[in-house]
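The values are calculated or read from the model by the stated rules, or taken from the named source; none is laboratory data. Nothing here was measured: the structure is a model prediction, and the numbers come from that model. Here the Cβ positions follow ideal geometry from the backbone for every residue, glycine too, while neighbour counts run over all protein chains shown. Quick note on the areas: whole protein, heavy atoms, side chains included, nothing else; ligands and nucleic acids left out. Shrake-Rupley method; radii C 1.70, N 1.55, O 1.52, S 1.80 Å.
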Amino acid sequence: MILSEQEILALCQARQQQALTAMAEKYGSYCYTVAYHILGDHHDAEECVNDAYLAVWNAVPQAAPQSLLPYLAKTTRNIALKRLEHDQAKKRDSRLNLLLDELAEVLPSEDSVEDEVAQREVMEAINDFLRRKAKPAERQLFLRRYFWGDSIGELTVTFRSSESKIKSQLFRTRQRLRRYLEERGLV
């Protein structure tokens, strides 16, 4: 029987190892997809997901999340990104770098973001843009591409659109984001 989110959180807070199994049963395939989209390797994705379960299990007693799935997915994503950064430290042709290259024309260069406060300001502006200025379909497409790392091919299936239409929509959204960031003096 698959446990509810509240039951899983209660197991984590009670430090019951059964919580790990329950997370895997309920959220395993979703988290695996997140990790695999970033890493492109089955074994590495499975390791990252297991590391995420453990990280969440350890974190919950101190601060339980409002919603477990997004918290677990973000933890999985962050672990996978760290793993990719480590694995690709000397390589420049990774899938993540392709995504970052697409966004490079919009985001400020690393030299102009001198500290964590400035980085946080940029992230808040991007979130504000997506929340207030992007239509729901644009926001979903943008997040699927740049947060979850979906390929253009996967997006064509998900959004039932042609490749050229997906690329065009992403391009227009990036351009609008660029203007939005420029208006705030962040680019």
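Among residues belonging to segment 155-187 that are free of Cβ contacts under 8 Å to residues at least 12 places away in the same chain and under 23 Å from GLY40 (Cβ atoms), point out the one that is least open to solvent (accessible area, probe 1.4 Å). Among those that are free of Cβ contacts under 8 Å to residues at least 12 places away in the same chain and under 23 Å from GLY40 (Cβ atoms), it is THR156. Taking segment 123-187 as the region of interest, the helices (runs of 4 or more DSSP H) fully inside it that hold 2 or more residues being over 26 Å from TYR71 (Cβ atoms) are 152-159, 163-183.
Output the number of residues of segment 144-175 satisfying the condition of being among the basic types (Lys, Arg) and farther than 26 Å from ALA73 by Cβ.
Counting residues in segment 144-175 that are among the basic types (Lys, Arg) and farther than 26 Å from ALA73 by Cβ gives 2.
Residues in segment 5-37 that are open to solvent by less than 40 Å² (accessible area, probe 1.4 Å) and free of Cβ contacts under 8 Å to residues at least 60 places away in the same chain: LEU9, LEU11, CYS12, ALA19, ALA22, MET23, TYR27, GLY28, CYS31, ALA35. With the requirement that a residue be surrounded by fewer than 16 Cβ atoms within 10 Å (Cβ to Cβ), farther than 16 Å from THR33 by Cβ and free of Cβ contacts under 8 Å to residues at least 24 places away in the same chain, what does segment 43-91 give you? Selection gives ASN58, ALA59, GLN62, ALA63, GLN66, LYS82, GLU85, HIS86, GLN88, ALA89, LYS90, LYS91.
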